[in-house]
Amino acid sequence: MPRTGRSIPLRPWALLIALGGAVLLARTALPESSPDSSFCPPPSPMADGGSPEALAAWSADVPASTDLYCINLIAIPELLEAAGTVELRRPPGPFDISVGTDGTPRFRLVFQLRGLPDPSRLGPYSTYVAWLTTPVLTPMVRLGEVANGEFEIGVADFNKFLILVSAEPSGGGAERKGRIVLRGSSPSSRMRDHDVMALPLSAFTPPPSDTAEQRVPVGPDVWTMPPVHPRVAMLPGLDWLRPDANPYLPEVPAGAKIPFARPRQLATLRDGDTLRLEAGHVRRTIHGRTFTMYGFNEQYPGPLIHVPQDAEIIVQFTNNLDLPTSVHWHGIRLDNRFDGVPGVTQEPVEPGGRFTYVIRFPDAGLYWYHPHHREDIQQDLGLYGNMFVRPTDPSYFGPANREEFLMLDDLLIGKAGLVPYGAETPTHAVMGRFGNVMLVNGEPDYRITARTGDVVRLLLTNVSNTRTFNLSLPGTRMKLVGSDLGLYEREMWVDHVVIAPAERYVVDVRFETDGPLPLLNRVQGIDHVFGYFFPEEDTLAVIDVRPERAEPDHAAAFETLRLHADVVEEIGAYAAEFDRPVDHELVLHMQVDSLPFVVDRVMRLDSAYFPPVEWSGTMPMMNWATTGRNVQWILRDSDTGLENRDIEWWFEVGDVVKLRLVNTRAAFHAMQHPIHIHGQRFLVLSVNGVPNENLVWKDTMLLPVGSSSEILLELSNPGDWMLHCHIAEHLAVGMAMVFRVDPNERMPN
Ligand code: C2O
Ligand code: CU
């Protein structure tokens, strides 16, 4: 029967896919953002049935991905001339993403309103008032009076929310009584309950093995499924899904005796000392089950190396693994040839092989070491250790009763044991391998003891493959002191710490009352199929605060927030470069190819919205089944169009360059990326155009989804250096480049 002019009702998911597709198309162009253009894209002409030409013209003007940080306000029909936008602006803060202690995103609300008539035209009203509420309309938070023009009022801290503007009688009470004139919903509201069952049934059945669509893994099928997420139902009928690779778990030569690993030991080294470091197989018992894993010197984590600032040490490394490897000294501005990057600064160290590293430590603070070959396997199985470079200046840190070095990790354990890794290419290529067991210093039930009133310095390193943590100690203030390469300009109080893979933070805490105190990770998980957020909370460690009193008591010093004039001065020397034009821009992107149909479809359901940070692995099967054979993560140089290892950047020692990193949401599954630069240090000047007010030297920054950031990179160290995403799987499937820094004859080195 021929169709008449009536429109066919679309299923909501189909509409979302269509919209997502349109948005996807719309976002691929990257126009230069002009300084005076509004951050928010104008409303899409699609909203009022605009033509394809109108849509194309509109999308050409939209800055990359800002739709994730904007709300278009829609007016009631009588007020056709009224319109507005609300920019979701990042509140300034020490972390690259602003969230609450429970992981809910926080945004300053910047209204741009126009065309509002005198309110008396609408009834007995004299003013307009803006409101913030949730999709169920409670609570209703009065933000304040607004009018035509720009107003910044209030902070949104709900996962999904609505913005309303109403006309109200004089003064406008605490409750909304007047007439709603404008309304809009948060970008997160686009995430909906999807009718997955509307997918063709064939999506849920394995393709016949003679089609190329899903290559069946070669070799014996001994994959163990990843465990389901405890809060998220798994789609039925997907048991046949497999990663397109052979499973790998460490292989131990027959008859070899594998030692049980012991907790890490302190290795205090002086200038000129030598450390023997050996990577080998160990047994470890986690939650009562014993696994064959990896360890440095039969320890978990690897030895805790303490060195004085400016020391030089020798590390004689031996590889007793069944895989090639290398050791990278993360964050250290060392000699390039000892940077430990196979194929760039050295050949991989083959099983049975050795390599001697000579490492100098110019910067005080907290660093770590890990392999730089298949980190998704080797680091995950336990090859990581901290280095603490003791500052020359005795007053560098404030006084503390003790120091605790905490390496934060997670491990993926299924019913049958560790979930195998991909032998030829990593599994979990889309989101990275989220573990289901949280580990601190390799232990699932880590405990620390302290006395009441103790000031304890926590030196935190995130060594997980992909998980970003949001750490807090309930009821306890933390004093944020330092990060990757040293101290903040100013110490500040925080009630939580967001730490992405490879980042470090140093916080001082003081325990005022006795009793057990949990170190929590609190985040917002997402059920992508049903489109809702849910809180997740894990206890990473417990601090047993004993009734004995601290001795000495550093209470007074702890109360003081220090200003580090030397850091302010050192960073201030670069202030003239802060506003220079951007020298290079990298767009962070991905490409997918021959994904299993159902994975492709289900993951596309969400293209209308991506959260700033994917905190948790709530699609364990879908994510697991993706490998480097279906997924490539990309750094694209905007000037040349070159990607990843084809990019050629050439600098000289003494250069200072401004880089813009753009995390486009046009990716098939957009995600945050912790971007790491080897052998140098940088300042994060701004995220989404909001300047940072308290700077610290970094080697890793977290770029949230749909965001852009400007960083100032100081080139102080000659050689060939990597810039890459520190999500182990993203790095392994391409997201890396190498730049060259030439020595500068005119400058002393
Ligand atoms: Cu910690 Cu190239 O990395
Ligand atoms: Cu990444």
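Looking only at region 691-703, filter to residues that are within 16 Å of ligand 2 (Cβ to nearest atom) and in a strand (DSSP E or B); which one of those is surrounded by the most Cβ atoms within 10 Å (Cβ to Cβ)? Reasoning before the result, please.
Kept after step one, since they are within 16 Å of ligand 2 (Cβ to nearest atom), are these residues of region 691-703: 699-703.
Filter once more, keeping what is in a strand (DSSP E or B): 700-703.
Working: Thr700: 25, Met701: 25, Leu702: 28, Leu703: 26.
If we take residues in region 691-703 being within 16 Å of ligand 2 (Cβ to nearest atom) and in a strand (DSSP E or B), then Leu702 is surrounded by the most Cβ atoms within 10 Å (Cβ to Cβ).
So that you can scan it fast, the table gives a plain yes or no per residue for (1) surrounded by fewer than 21 Cβ atoms within 10 Å (Cβ to Cβ); (2) more than 21 Å from the chain's Cα centre (by Cα); (3) away from ligand 1 (no atom under 16 Å from the Cβ):
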residue: Pro596; (1), (2), (3): no, yes, yes
residue: Pro612; (1), (2), (3): no, no, yes
residue: Gly617; (1), (2), (3): no, no, yes
residue: Trp624; (1), (2), (3): no, no, yes
residue: Asp655; (1), (2), (3): yes, yes, yes
residue: Met671; (1), (2), (3): no, no, yes
residue: Gly689; (1), (2), (3): yes, no, yes
Notebook entry, point to check: Can you find a residue in region 286-308 that is at pLDDT 95 or above, in contact with a Gly (Cβ under 6 Å, 6 or more places away or on another chain) and of a type in the set (A, V, I, L, M, F, W, C)?
Noted result: yes
Next item on the list: Name the one entry in Arg645, Arg681, Arg660, Arg740 that is open to solvent by 10 Å² or more (accessible area, probe 1.4 Å), of a type in the set (Lys, Arg) and within 16 Å of ligand 2 (Cβ to nearest atom).
Entry: Arg645
Next item on the list: Go through region 159-186 residue by residue and tally those that are within 26 Å of Asp102 (Cα to Cα), assigned to a loop (DSSP other than H, G, I, E, B) and either small (Gly, Ala, Ser) or open to solvent by 50 Å² or more (accessible area, probe 1.4 Å) (or both).
Entry: 1
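Out of Thr466, Thr461, which single residue is assigned to a strand (DSSP E or B), more than 20 Å from Pro399 (Cβ to Cβ) and either under 22 Å from the mean Cα position of the chain (by Cα) or within 16 Å of ligand 1 (Cβ to nearest atom) (or both)? Spell out the reasoning first.
On the way: Thr466 fails: assigned to a strand (DSSP E or B).
None of the other options fit; the residue is Thr461.
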Next item on the list: Say whether the condition of being open to solvent by less than 10 Å² (accessible area, probe 1.4 Å), in contact with an Asp or Glu (Cβ under 8 Å, 6 or more places away or on another chain) and touching a residue at least 24 places away in the same chain (Cβ under 8 Å) is met by at least one residue in region 390-397.
Entry: no
Check: If you go through region 447-457 one residue at a time, do you hit one that is at positive phi and within 16 Å of ligand 1 (Cβ to nearest atom)?
Finding: no
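Residue by residue, here is whether (1) open to solvent by 20 Å² or more (accessible area, probe 1.4 Å); (2) part of a loop (DSSP other than H, G, I, E, B) holds:
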position: Ile314; (1), (2): yes, no
position: Phe317; (1), (2): no, no
position: Asp322; (1), (2): yes, yes
position: Ile332; (1), (2): no, yes
position: Arg337; (1), (2): yes, no
position: Phe355; (1), (2): yes, no
position: Ile359; (1), (2): no, no
position: His372; (1), (2): no, yes
position: Leu381; (1), (2): no, yes
Next item on the list: Please give the number of the condition Ser708 fails out of (1) within 11 Å of ligand 1 (Cβ to nearest atom); (2) open to solvent by 10 Å² or more (accessible area, probe 1.4 Å).
Entry: (1)
Item checked: Pair list, Cβ under 6 Å, 6 or more apart: region 641-670 residue closer than 17 Å to His730 by Cβ, other residue in a strand (DSSP E or B) and open to solvent by 20 Å² or more (accessible area, probe 1.4 Å) -> Glu643/Arg636; Val662/Ser708; Thr664/His589; Ala667/His589; Phe668/Val592
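For region 478-500, name all the residues that are acidic (Asp, Glu) and assigned to a strand (DSSP E or B). Give the steps one after another, and end with the answer.
Our first condition is that a residue be acidic (Asp, Glu); within region 478-500, this holds for 484, 489, 491, 495.
Passing the criteria: Glu489, Glu491.
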Checklist line | Selection within region 706-732 - part of a loop (DSSP other than H, G, I, E, B), on the phi < 0 side of the Ramachandran plot and within 16 Å of ligand 2 (Cβ to nearest atom) | finding: Ser707, His726, Ile727
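The values are calculated or read from the model by the stated rules, or taken from the named source; none is laboratory data. Since this is a predicted model, take the numbers as computed values, not measurements. We place every Cβ from the backbone using ideal geometry, glycine too, and count neighbours over all the protein chains shown. Note: areas computed on protein heavy atoms with side chains; ligands, DNA, RNA excluded. Shrake-Rupley method; radii C 1.70, N 1.55, O 1.52, S 1.80 Å.
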